[in-house]
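S.K.: Sharing a structure with you now.
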Amino acid sequence: MVPDDEGGGLMRADLLTDAVEGLDEALAAVDGFDEALVDGLLRPQPAQAAGLAGLADAVAGSPLAGRVAEAAGKTAAGAAGEDHFVALAAARTALLGSVHDALLARIDEAVGRPGAEESGPAPAGDDDRAVNLLIAARGWLCDLARAGWRGIDHELVAGAAPVVSAMLPEPGLRRTAALLDGFAAELAASCPGATLERVPVRRWADLWARAVLLTLPGAASAPAVTGATGRLLPLGVDVQEHATAVQAQVHGVFEPADGGAPRLVRASVSAPKPDSVVGAGLWQLLRPRMSLLAAVSEGRAVELDAMPVTGEGDLVWDDERARTGEPADVFATARVALPSAVAAPVAPLDRHPVRIAVPVLLEGYGVEEGEEGTVLEVAGVRLAVDVDRVPAAGPLTPEAVASSGACVGLLRWDAGRFLLQPLAVERTVRKKGVAVHAGAWAGGTTDKAGVRAEKAATDAVAVLRERAGRLLRK
């Protein structure tokens with residue numbers, strides 16, 4: 001909830017639990033197609049043919065109707081070519097894009113914030129060498145679809161290696177190459193598919209469909225970049241950690257120096273990491289790459305001078321174009337600037353429910369703890385807290401969320417419901433209001449727990465460097 005006397009209005013939390021018309025039907029069509037991919041599309045069985053028909057029916061009223069109907073029929077007969085697989089991937093992506101748009105519209109209505117701007121023009125095409133490499137990648141992806149996830153083996157999966165190797169030297173193809181490389185590695189770790197106890201049906205279908213569409217000329221081109229001059233007010237840090245990589249994504253409100261409307265923006269930094277570096281030690285890998293992290297931990301704004309920003313609201317961070325500014329309280333920003341901040345448009349291939357992460361401010365809620373975990377009761381509506389996304393690299397904990405009275409977080413959608421990922425909370429400690437931020441340790445900390453975690457990480461990194469040096473000397 002955003003207080004009326006501070007420029008906002010009451011959140012219509014009830015809209016977050018109301019059914020969205022057509023959502024279940026669209027997801028059911030996607031699920032039917034995804035299940036068809038499990039056993040492969042070389043010789044589809046009746047159940048698989050029904051899934052293909054369901055996908056075609058779901059887009060029957062769209063410009064894709066004719067091509068998808070033909071593709072579904074050819075595939076059901078076991079006679080699909082590459083163009084047919086592309087059409088099916090496009091239909092699946094369009095359906096999930098419609099789900100994404102419907103959910104974002106519901107969030108905009110609930111929080112009373114301006115909707116996203118329109119998308120920019122289509123990207124330019126690729127050169128002949130790139131086109132040939134994309135065709136090779138598409139051929140491998142079509143072979144995957146014919147074999148199905150149950151039919152994958154090491155020989156089939158290894159077919160991606162030469163394509164990825166040829167793509168990596170080409171700057172314009174690295175995005176696609178990275179996706180193919182990661183997808184192939186995941187499949188290789190699961191070979192042979194016939195022995196899998198559980199297939200990640202939605203995930204692999206997501207990766208497959210996205211990869212197929214990225215092989216179309218121009219689809220992976222870099223978005224247009226302009227210069228942003230003004231003040232950046234951070235809202236919080238979303239830490240995404242994997243065994244071999246970590247990324248910190250700062251969400252904030254950008255106020256243009258020319259007096260234009262405030263905009264929601266993001267700035268990300270990532271780094272490779274050994275699996276032994278966890279918790280607060282992650283910041284040691286990220287700090288050298290982005291001064292913004294220090295500003296976040298100090299609670300300050302950042303003055304930007306022609307900072308590159310894409311049309312999708314992603315700042316291409318350059319420390320030379322940033323200067324630490326005045327103190328900026330996250331909750332003051334959320335109460336005053338966030339309600340009128342305009343979201344950037346979402347690129348067509350990024351329109352997927354899993355990508356939804358909308359900054360919101362909640363106040364005046366009750367907290368319940370039970371079998372469902374932590375739940376916030378907002379205006380009579382129960383909103384689950386995604387505690388699994390609360391990073392161990394900061395002082396924010398599920399216990400701090402449970403004792404809070406205000407929360408800045410990211411509204412997400414997963415498994416058929418909206419969830420809140422906390423970025424910062426306000427709580428009362430000894431009759432005094434205290435703010436706790438997930439990114440409070442990003443620029444360094446004197447907190448005892450944070451200092452201990454930093455020391456442990458420093459020791460681990462030192463040992464790894466010494467071992468790596470020994471191996472190189474040998």
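S.K.: I'm trying to understand the selection: among the residues of segment 69-89, which are of a type in the set (A, V, I, L, M), crowded, with 22+ Cβ neighbours inside 10 Å and in a helix (DSSP H, G or I)? Break it down stepwise before answering.
M.R.: Restricting attention to segment 69-89, the residues satisfying the condition of being of a type in the set (A, V, I, L, M) are 69, 71-72, 76-77, 79-80, 86-89.
After this cut, where a residue has to be crowded, with 22+ Cβ neighbours inside 10 Å as well, the list is 71-72, 80, 87-89.
Across segment 69-89, the qualifying residues are Ala71, Ala72, Ala87, Leu88, Ala89.
S.K.: Output the residue which, of all residues in segment 125-139 that are under 26 Å from the mean Cα position of the chain (by Cα) and part of a helix (DSSP H, G or I), is farthest from Ala194 (Cα to Cα).
M.R.: Leu134
S.K.: Out of all the residues in segment 404-415, is one or more outside the structural domain of Gln249 (by TED's automatic domain parsing), within 22 Å of the chain's Cα centre (by Cα), free of Cβ contacts under 8 Å to residues at least 24 places away in the same chain and surrounded by fewer than 22 Cβ atoms within 10 Å (Cβ to Cβ)? Write out each step before concluding.
M.R.: Looking only at segment 404-415, we keep the residues that are outside the structural domain of Gln249 (by TED's automatic domain parsing), and these are 404-415.
Narrowing further to those that are within 22 Å of the chain's Cα centre (by Cα): 407-415.
If we keep only those that are free of Cβ contacts under 8 Å to residues at least 24 places away in the same chain too, we end up with 415.
Pick out the ones that are also surrounded by fewer than 22 Cβ atoms within 10 Å (Cβ to Cβ) and you get 415.
Yes, some residue in segment 404-415 is outside the structural domain of Gln249 (by TED's automatic domain parsing), within 22 Å of the chain's Cα centre (by Cα), free of Cβ contacts under 8 Å to residues at least 24 places away in the same chain and surrounded by fewer than 22 Cβ atoms within 10 Å (Cβ to Cβ).
S.K.: Could you tell me which residue of segment 169-191 is farthest from the chain's Cα centre (by Cα), considering only residues that are surrounded by 14 or more Cβ atoms within 10 Å (Cβ to Cβ) and outside any helix (DSSP H, G or I)?
M.R.: Here the answer is Cys191.
S.K.: For the structure I just gave you, tell me whether Arg351 is charged (D, E, K, R), within 20 Å of the chain's Cα centre (by Cα), over 24 Å from Thr428 (Cα atoms) and surrounded by 14 or more Cβ atoms within 10 Å (Cβ to Cβ).
M.R.: Values: charged (D, E, K, R): yes; within 20 Å of the chain's Cα centre (by Cα): yes; over 24 Å from Thr428 (Cα atoms): yes; surrounded by 14 or more Cβ atoms within 10 Å (Cβ to Cβ): yes.
Spelling it out, Arg351 is indeed charged (D, E, K, R), within 20 Å of the chain's Cα centre (by Cα), over 24 Å from Thr428 (Cα atoms) and surrounded by 14 or more Cβ atoms within 10 Å (Cβ to Cβ).
S.K.: Output the number of residues of segment 255-264 satisfying the condition of being under 10 Å from Leu232 (Cα atoms) and either within 14 Å of the chain's Cα centre (by Cα) or among the acidic types (Asp, Glu) (or both). Break it down stepwise before answering.
M.R.: Looking only at segment 255-264, we keep the residues that are under 10 Å from Leu232 (Cα atoms), and these are 255-256, 262-264.
This time we only want the ones that are either within 14 Å of the chain's Cα centre (by Cα) or among the acidic types (Asp, Glu) (or both), so: 255.
Residues that pass the stated criteria total 1.
S.K.: Let me ask something additional. If Gly236 satisfies all but one of (1) over 26 Å from Gly409 (Cα atoms); (2) in contact (Cβ under 8 Å) with a residue 40 or more places away in the chain; (3) crowded, with 21+ Cβ neighbours inside 10 Å, what's the number of the condition it fails?
M.R.: (1) is the only condition that Gly236 fails.
S.K.: What about Arg467, is it surrounded by 13 or more Cβ atoms within 10 Å (Cβ to Cβ) and either more than 23 Å from Met11 (Cα to Cα) or modelled with pLDDT of 85 or more (or both)?
M.R.: Numbers: surrounded by 13 or more Cβ atoms within 10 Å (Cβ to Cβ): no; either more than 23 Å from Met11 (Cα to Cα) or modelled with pLDDT of 85 or more (or both): yes.
So Arg467 does not fit the description; no.
S.K.: So which of Val278, Val246, Val253 is of a type in the set (Val, Ile, Thr), touching a Leu at 6+ places or on another chain (Cβ under 9 Å), more than 30 Å from Leu88 (Cα to Cα) and modelled with pLDDT under 90?
M.R.: After applying the criteria, what remains is Val246.
S.K.: Please state which one of Leu362, Leu304 is touching a Phe, Trp or Tyr at 6+ places or on another chain (Cβ under 9 Å), farther than 22 Å from Ala245 by Cβ and not in a helix (DSSP H, G or I). Full working, then the answer.
M.R.: Numbers: Leu362 fails: touching a Phe, Trp or Tyr at 6+ places or on another chain (Cβ under 9 Å).
Only one candidate qualifies: Leu304.
S.K.: Hey, can you tell me all the residues within segment 23-40 that are under 17 Å from Leu207 (Cα atoms) and either part of a loop (DSSP other than H, G, I, E, B) or in contact with a helix residue (DSSP H, G or I) (Cβ under 6 Å, 6 or more places away or on another chain) (or both)? Can you show your working first?
M.R.: First, the residues of segment 23-40 that are under 17 Å from Leu207 (Cα atoms): 27, 30-40.
Within segment 23-40, Val30, Gly32, Phe33, Asp34, Glu35, Ala36, Leu37, Val38, Asp39, Gly40 meet the criteria.
S.K.: Go over the candidates Asp57, Asp108, Asp83 one by one and state the one that is of a type outside the set (A, V, I, L, M, F, W, C), within 28 Å of Ala415 (Cα to Cα) and modelled with pLDDT of 95 or more.
M.R.: Numbers: Asp108 fails: modelled with pLDDT of 95 or more; Asp83 fails: within 28 Å of Ala415 (Cα to Cα).
The conditions single out Asp57.
S.K.: Looking at segment 47-66 only, could you name the residues that are surrounded by fewer than 22 Cβ atoms within 10 Å (Cβ to Cβ) and either part of a loop (DSSP other than H, G, I, E, B) or touching a residue at least 24 places away in the same chain (Cβ under 8 Å) (or both)?
M.R.: Passing the criteria: Ala49, Gly54, Asp57, Ala60, Gly61, Ser62, Pro63, Leu64.
S.K.: Scan (1) at pLDDT 90 or above; (2) crowded, with 22+ Cβ neighbours inside 10 Å for the single condition Ala435 breaks and write down its number.
M.R.: Evaluating Ala435 over (1) at pLDDT 90 or above; (2) crowded, with 22+ Cβ neighbours inside 10 Å leaves (2) as the failure.
S.K.: Looking at (1) under 20 Å from Arg263 (Cβ atoms); (2) without any contact (Cβ under 8 Å) to a residue 60 or more places away in the chain; (3) not in a loop (DSSP other than H, G, I, E, B), find the lone condition where Trp317 falls short.
M.R.: Every condition holds for Trp317 apart from (3).
S.K.: Any residue at all in segment 389-403 that is surrounded by fewer than 15 Cβ atoms within 10 Å (Cβ to Cβ) and of a type in the set (S, T, N, Q)?
M.R.: Taking every residue of segment 389-403 in turn, at least one turns out to be surrounded by fewer than 15 Cβ atoms within 10 Å (Cβ to Cβ) and of a type in the set (S, T, N, Q).
S.K.: Additional query: Out of Gly281, Gly260, report the one residue that is surrounded by fewer than 20 Cβ atoms within 10 Å (Cβ to Cβ) and either outside the structural domain of Asp386 (by TED's automatic domain parsing) or of a type in the set (Asp, Glu) (or both). Steps first, answer last, please.
M.R.: Values: Gly281 fails: surrounded by fewer than 20 Cβ atoms within 10 Å (Cβ to Cβ).
That would be Gly260, the only listed residue that is surrounded by fewer than 20 Cβ atoms within 10 Å (Cβ to Cβ) and either outside the structural domain of Asp386 (by TED's automatic domain parsing) or of a type in the set (Asp, Glu) (or both).
S.K.: While we're on this one: Being within 24 Å of the chain's Cα centre (by Cα) and not assigned by TED's automatic domain parsing to the domain that holds Gly139 narrows it down to one residue among Ala209, Ala220; which is it? Can you show your working first?
M.R.: Values: Ala209 fails: not assigned by TED's automatic domain parsing to the domain that holds Gly139.
Ala220 is the lone residue from the list that is within 24 Å of the chain's Cα centre (by Cα) and not assigned by TED's automatic domain parsing to the domain that holds Gly139.
S.K.: Hey, among the residues in segment 322-343 that are of a type in the set (D, E, K, R) and surrounded by fewer than 20 Cβ atoms within 10 Å (Cβ to Cβ), which one's nearest to Ala424 (Cα to Cα)? It would help to see each step written out before you state the result.
M.R.: Here is the first cut: in segment 322-343, the residues of a type in the set (D, E, K, R) are 323, 326, 329, 335.
Next, from what is left, pick out any that are surrounded by fewer than 20 Cβ atoms within 10 Å (Cβ to Cβ): 323, 326, 329.
On the way: Arg323: 23, Glu326: 20, Asp329: 11 Å.
If we take residues in segment 322-343 being of a type in the set (D, E, K, R) and surrounded by fewer than 20 Cβ atoms within 10 Å (Cβ to Cβ), then Asp329 is nearest to Ala424 (Cα to Cα).
S.K.: Taking strands (runs of 3 or more DSSP E) that do not extend beyond segment 196-285, which have at least 3 residues that are over 21 Å from Thr176 (Cα atoms), out of contact with any Ser or Thr (no Cβ under 8 Å at 6 or more places or on another chain) and hydrophobic (A, V, I, L, M, F, W, C)?
M.R.: Working: elements: 225-241, 245-256, 263-272.
Counting at least 3 such residues, we get 225-241, 263-272.
S.K.: Of everything in segment 35-77, what is within 21 Å of Leu103 (Cα to Cα) and either touching a His at 6+ places or on another chain (Cβ under 7 Å) or of a type outside the set (Gly, Ala, Ser) (or both)? Give them in sequence order. Talk me through it step by step, then tell me what you get.
M.R.: We begin by selecting, within segment 35-77, every residue within 21 Å of Leu103 (Cα to Cα); these are 55, 58-59, 61-62.
Leu55, Val59 - these are the residues of segment 35-77 that are within 21 Å of Leu103 (Cα to Cα) and either touching a His at 6+ places or on another chain (Cβ under 7 Å) or of a type outside the set (Gly, Ala, Ser) (or both).
The values are calculated or read from the model by the stated rules, or taken from the named source; none is laboratory data. If you're wondering where the values come from, they're calculated on a predicted model, not measured in any experiment. FYI the Cβ positions are ideal-geometry reconstructions off the backbone, even for glycines, and counts take in every protein chain you see.
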